[in-house]
Structure formats: C-alpha cells, structure tokens
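Written out below as structure tokens is the structure these notes cover.
The values are calculated or read from the model by the stated rules, or taken from the named source; none is laboratory data. In this text, all values refer to a predicted model and were calculated from it rather than measured experimentally. Using ideal geometry, Cβ is built from the backbone for each residue, glycine included, and neighbour counts are taken over all protein chains shown.
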Amino acid sequence: MNGTKSSAVHGPQATSGLRILTLRVNGSVYRCAAAPQALLLDILREEFRLVGTKRGCDMGTCGCCNVLIDGKAVPSCLVLAFDCEDKEIQTVEGLSLEEDGHLHPLQEAWAHSGGSQCGFCTPGFLMTSKELLACNPNPSREEIERALSGNVCRCTGYQKIVDAVSLAAKNMREWKEGGKQ
Amino acid sequence: MRLPEFQLHHPTNLEDLKDLTRKLQASGDCFDFIAGGTDVLPNYKNRLNPKTQVISLSKVQGLDRISPTCLGAMARVRDLVDHEDLARVFPGLVEAASLVASPILRNLATVGGNLLLDTRCYYFNQSEFWRASKGYCLKADGDACLVVPQKEICYATYSGDLAPLFLVLDAEFELHGPKGIRKVPAREFYQFDGIRRFVKNPDEILAFIHIPESAQNLRTGYRKLRARDTIEYPVMGVAMGLMTKKGKIEQLEIALTGSEAVPLWYGDLGFGGEPVGEDTAEGIQKALLERVKTYKNVPFPPGYRRSMAGEFVKELFLKLA
C-alpha cells in the first residue's frame, strides 16, 4: 500500500505544494493558491467565501453542495477544483445575479410554496432544479421527482419542493411568453 | 472531509498520458487514474488505498464519443441516458445507465469509471475510524478477508451497472498503456479477486468500448435490486440479451452484477433452441439459481439477493421474448 494517512481527514487544508487556481464562478474570475487535492466545495466556501453552497454528506449522496458546472448539476464535494479551470461554474449566489439582484423565479417559488424549512438543503435543490428547467421547461411532477432524486431533504417531505419547482416552471414559461426580462 | 495529499497531473492527450505513466513508473511512484471521481474520491476520503500521484483524465481529448459500436470511456453516464441512437439499439444498456446512482452523480460519472468501479464490502467501504475499530481487511491495510476468512482472495462485491450489459453484448475493451494498445474481450476482462479485479495493468487506461454490430440483433434489458430507488449500488443486477426465431431461442445471453467479486456472464445456460414460454422461463430461472452465489458483505441477506436474480431473469425473459 502507498497510503498517505498522515494528512488529517478533517481540519485545515494541507498547504504543501500550493498552486495558483483560477476559476470562473458566477461570471467572475476568482484566483487563489490551492493544494492539488483541493475540492471545489472547499475552495468555494473557504477561499471565495461563497458559503451558500453547503457541506452535507461529503460523499455525493445528499446534493447539498450541488453547483452547476457548464450547466450540469454536480456535487461539488466530489469535484477536484483543478479539474474545473476551463469550466463555467454557477453557485446559488449566482441565481440572483441573473435577475439583477432580485430573487430568481425558483427562489421566489420556493418562498411562496414553503419549499424550505431549515433551508440547509435548499441551495442544492435550487441548482438541480435550475438544470432541470433549462432542459425541460414544463416537467411533470414525476419528472421533477426523478430529477431531484439525488437531493435529500430531512424537513419538508419533498411535496412542497415539487410544488415549488412546478410553480417556478409555470411562472418562467409565462414570463417568457409575456416578455419579462 | 479532506482528501489526502497527492500530486495531480492533467495530461491533455493519450501520448502525454503514456509519457507521464512511464515517468511515474520509472521513479517508482504509485498512481491512480481519476475520471468522474465519484468512486475514487469517496474512497480517498475514507483513506482507502490512496496514492501519492493522481492522473486526472478530465482534459484528455477524444475519449467521450458515443455511438452504437464504440463508446469512449470518458463519456458521461448521463450522456448515455440521453443518447437516442443508443436507446433505440440497446434499450437495456440505456436503462442500466439510467439506474446508475442519481442524476447528479450520472452528470459526473463516466462509462469507464463505472466499468472499473472498485469492489464494495461492509468491511471496506467504511471510515478509517470504523475500520481501525473493527480491524482492517485484506483489501485495505489488513491481511485477511473478513467475509470469507482466508488470506488469498478478496470477496468484495462488484457493483457496476453497465458491465453486465457489455458482457451480454460481447464487447471488447480497448486498453492504452506505455507498452501500446490492446483489446480484451469484456468476458475475459474481469478476474475473480476484489483486489486485482481485472486484467488491466495499473499503467493502462480503458480508452474505448467496442460493441460488435451483430449485438444489435439482440433485444436487451436490465433489472436492478437496491435499497432505495436512487443513489444506491446494485446488490443484484441481471442483464439479458435475447434473439428468437420462429418461437425458439436463437441466442440468449445472461450476465449478473452485484453477486460476486466480478460481473458474471452465463451465456444461454444451455437453453439455446428451446421454445419461448413460461416453462422455459422457469427452467432458466432454476438453472441460474443453481449457479448464483452471494456473500454477506452488502445490504440485503444473501439468500434474498440470490432469489431476486431468479425473479429478474424470469421476468426479463418473458418481457424480451
């Protein structure tokens, strides 16, 4: 075995062998020094202070840390930061930037439908839902449930979340047809 | 959870990749390849056999093509699910891809990564703290298997969804390494040992999967048993390819995942030429059950998983006939 057990499982990121990391996040260029093994989640939260992205299971099975990479929702806890240097990343903070500082239709629908209780899982659900609505502007409830099946919520029982995505889809279609920018 | 420290390399083409592996081998460094990361990184977080050098394949060009006769190993599982040609020709393969993990993991996971998935076991896929408390196993840091007590072979369970389909389709795996390119039939690729796992050398990558055109004559299907309808690995999976002529079996291919340390191909179990119908379906079910082995190292009791292999094979046969 060629193990490297000396580095801590938790605690501060190791600082040996740092390299300059350049990422494009929410339309802006961010730079920092990072270890080769740095995860995108850690860089977003600890270096760029984009703490809307939450750390959940750390194994890709809860969806709390989902961000969009080139439009696809992925768990940032399983993505090496240096693999993303030529990619376009969007975090939950980027949603309102798209709407000139106002809430994104998904966020409005979440608030209206009671899609959040403790709110910890919400950023991940929002990003997965954004990918879904970009691919399918008029999803059925079953399609929404299937698309969100990699996200875990311990509070809502999911029905309010599905309601929120349905409402957001309806509003976005209507606004698009009505010419809202 | 922090990853252990390692050096990360990003070759951009297969030639650079070969040079890099040659160089690392010459310097005596152990290394892993990483594609989507959904299997390797959780294992690294749990300190399961991490290496000090990691080669990311994310920037290697030309490995993501998809067609009914050739799949690039870096094609994302999600892209298989969305591929209309593939869905028309091999619905079973696309069905299996659609059942891999969850939508967000399929966005990251690659076809090659799924085929080379590390074997899984109660005693292996645990935190460093858990394993230290229980006592390490043969596959990581210990010297004896905790499932079947002996020191020779690891009995961890192979849990990829796509491999049984490629066994059914009689695919060939194209391996690239410093010593050149070679093709290995999928049916000869896997080796019964949860540690060694396959005939691929550590310095080779799986680059392409070739599917013979004759496989397009098969009707394909896949059934999967898992603890939840999303995210989970198969604890039993059955793939089938079937061609019939005048109400009789012309070709039957059956393969399993989630049962032993390798995905297993059973061919037609001696039922070639038999008439299609309930009696034959029950015969196939009985013949498969005589051969299937399961071990107590993943969720669900071994007997239940074994019996579900029988139910799935019967159901698939009647559906595809």
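Can you tell me which of A:Arg141, A:Arg55, A:Arg146, A:Arg49 is of a type in the set (Lys, Arg) and on the phi > 0 side of the Ramachandran plot? Show your work before the answer.
Values: A:Arg141 fails: on the phi > 0 side of the Ramachandran plot; A:Arg55 fails: on the phi > 0 side of the Ramachandran plot; A:Arg146 fails: on the phi > 0 side of the Ramachandran plot.
None of the other options fit; the residue is A:Arg49.
All conditions but one from (1) in contact with a Lys or Arg (Cβ under 9 Å, 6 or more places away or on another chain); (2) under 17 Å from B:Ala97 (Cβ atoms); (3) in a loop (DSSP other than H, G, I, E, B) apply to B:Asp229; the one that does not is (1). Residues that are surrounded by fewer than 24 Cβ atoms within 10 Å (Cβ to Cβ) and either part of a loop (DSSP other than H, G, I, E, B) or away from chain B (no Cβ under 14 Å) (or both) within the stretch A:67-87 comprise A:Asp70, A:Gly71, A:Glu85, A:Asp86, A:Lys87, listed in sequence order. Of all residues in the stretch A:150-178, those being part of a loop (DSSP other than H, G, I, E, B) and either in the same structural domain as A:Pro75 (by TED's automatic domain parsing) or in contact with a Cys (Cβ under 8 Å, 6 or more places away or on another chain) (or both) number 5. When the criteria are applied in full, B:Ala26 fails the requirement of being under 23 Å from A:Pro75 (Cβ atoms) and either in contact with a Leu (Cβ under 9 Å, 6 or more places away or on another chain) or not assigned by TED's automatic domain parsing to the domain that holds B:Thr230 (or both).
Please go through the stretch A:6-34 and give me each residue that is β-branched (Val, Ile, Thr) and modelled with pLDDT under 95, ordered by number. Even if it seems obvious, please write down each step before you answer.
Applying the first criterion (β-branched (Val, Ile, Thr)) to the stretch A:6-34 yields A:9, A:15, A:20, A:22, A:25, A:29.
Those that are β-branched (Val, Ile, Thr) and modelled with pLDDT under 95: A:Val9, A:Thr15.
Among the residues of the stretch A:21-53, those that are part of a strand (DSSP E or B), within 27 Å of A:Asp100 (Cβ to Cβ) and touching a residue at least 24 places away in the same chain (Cβ under 8 Å) comprise A:Thr22, A:Leu23, A:Arg24, A:Val25.
In the stretch B:59-86, the residue that is nearest to the other protein chains (Cβ to nearest Cβ) out of those that are of a type in the set (Gly, Ala, Ser) and surrounded by 20 or more Cβ atoms within 10 Å (Cβ to Cβ) is B:Ala75. Here B:Val54, B:Val94 are screened, and the one residue that is modelled with pLDDT of 95 or more, at the interface with chain A (Cβ under 9 Å from one of its Cβ atoms) and not in a loop (DSSP other than H, G, I, E, B) is B:Val54.
For the condition crowded, with 17+ Cβ neighbours inside 10 Å and modelled with pLDDT of 95 or more, what is the one hit in B:Asp268, B:Asp279? Don't jump to the end; show me each part of the working.
On the way: B:Asp279 fails: crowded, with 17+ Cβ neighbours inside 10 Å.
From the options B:Asp268, B:Asp279, the qualifying one is B:Asp268.
The set of residues in the stretch A:89-109 being among the acidic types (Asp, Glu) and exposed (fewer than 15 other Cβ atoms within 10 Å of the Cβ) consists of A:Glu98, A:Glu99, A:Asp100.
Surrounded by 24 or more Cβ atoms within 10 Å (Cβ to Cβ), over 22 Å from B:Gly258 (Cα atoms) and more than 10 Å from chain A (Cβ to nearest Cβ), is that true of B:Leu24?
Details: surrounded by 24 or more Cβ atoms within 10 Å (Cβ to Cβ): no; over 22 Å from B:Gly258 (Cα atoms): yes; more than 10 Å from chain A (Cβ to nearest Cβ): yes.
Against the criterion (surrounded by 24 or more Cβ atoms within 10 Å (Cβ to Cβ), over 22 Å from B:Gly258 (Cα atoms) and more than 10 Å from chain A (Cβ to nearest Cβ)), B:Leu24 does not qualify.
Screening B:Pro234 with (1) out of contact with any strand residue (DSSP E or B) (no Cβ under 9 Å at 6 or more places or on another chain); (2) in a loop (DSSP other than H, G, I, E, B) gives one miss only, at (1). Quick check: anything in the stretch B:10-22 in contact (Cβ under 8 Å) with a residue 40 or more places away in the chain and either under 16 Å from A:Leu40 (Cα atoms) or in contact with a helix residue (DSSP H, G or I) (Cβ under 8 Å, 6 or more places away or on another chain) (or both)? Checked against the condition, which is being in contact (Cβ under 8 Å) with a residue 40 or more places away in the chain and either under 16 Å from A:Leu40 (Cα atoms) or in contact with a helix residue (DSSP H, G or I) (Cβ under 8 Å, 6 or more places away or on another chain) (or both), the stretch B:10-22 yields at least one hit. Just one residue in the set B:Arg182, B:Arg197 is without any contact (Cβ under 8 Å) to a residue 40 or more places away in the chain and in contact with a strand residue (DSSP E or B) (Cβ under 9 Å, 6 or more places away or on another chain); that residue is B:Arg182.
In the set B:Phe317, B:Phe312, B:Phe300, only one residue is part of a loop (DSSP other than H, G, I, E, B) and either modelled with pLDDT under 95 or surrounded by 14 or more Cβ atoms within 10 Å (Cβ to Cβ) (or both); that residue is B:Phe300. All of (1) part of a helix (DSSP H, G or I); (2) over 24 Å from B:Ile181 (Cα atoms) hold for B:Thr38 with one exception: (1).
Restricting the stretch A:54-66 to residues that are within 12 Å of A:Cys121 (Cα to Cα) and in contact with a strand residue (DSSP E or B) (Cβ under 6 Å, 6 or more places away or on another chain), the residue that is farthest from the other protein chains (Cβ to nearest Cβ) is A:Cys65.
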